[in-house]
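One structure is given below, encoded as structure tokens.
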């Protein structure tokens, strides 16, 4: 385990040692985003959280996996998780 992973509060951490973390770990809009690296799923999380902070995100109760986040083409207030 890395120092970053020991201190990361994000549900989906880019330093996760579980090889299936992108399919197994759940993230809800508004939760913390890992600050390590800059993978596509993190960019999508930041865009979703920006909309959440404006109060216009329509589906804050629907979760995403990193794999699902990476498949999002365009982030809007209607972007939907599972």
Between (i) 36, 32, 16; (ii) 79, 24, 17; (iii) 37, 21, 20, the structure-derived Cα extents along the principal axes in Å is (iii)
Given labels modelled 7 Å from the Cα in the Cβ direction, how far is it in nm from residue 67 to residue 43? 2.1 nm
Any idea how far apart residue 58 and residue 24 come out in nm if each label point goes 7 Å out from Cα toward Cβ? 3.4 nm
With Cα coordinates, the longest principal axis of the chain makes an angle with the long axis of helix 40-53, in degrees rounded to 10, of 50 degrees
To the nearest Å, what is the center-to-center distance of the range 64-79 and the range 3-46, using C-alpha atoms only? 14 Å
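Figure the gain on full extension for residue 74 and residue 17 (residue separation times 0.36 nm, minus the Cα-Cα span) and round it to one decimal in nm.
Numbers: separation 57, 0.36 × 57 = 20.52 nm, distance 2.86 nm.
That works out to 17.7 nm of additional length.
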Going by average Cβ neighbours within 10 Å, how do the peptides 23-29, 53-59 rank, with the highest at the top? 23-29, 53-59
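Every read-out reported here was derived from the displayed coordinates using simple, explicitly stated rules and does not represent laboratory data. Remember, it's a predicted structure, so these values are computed and weren't measured experimentally. Ideal geometry is used to build each Cβ from the backbone, glycine not excepted, and the neighbour counts take in all protein chains shown.
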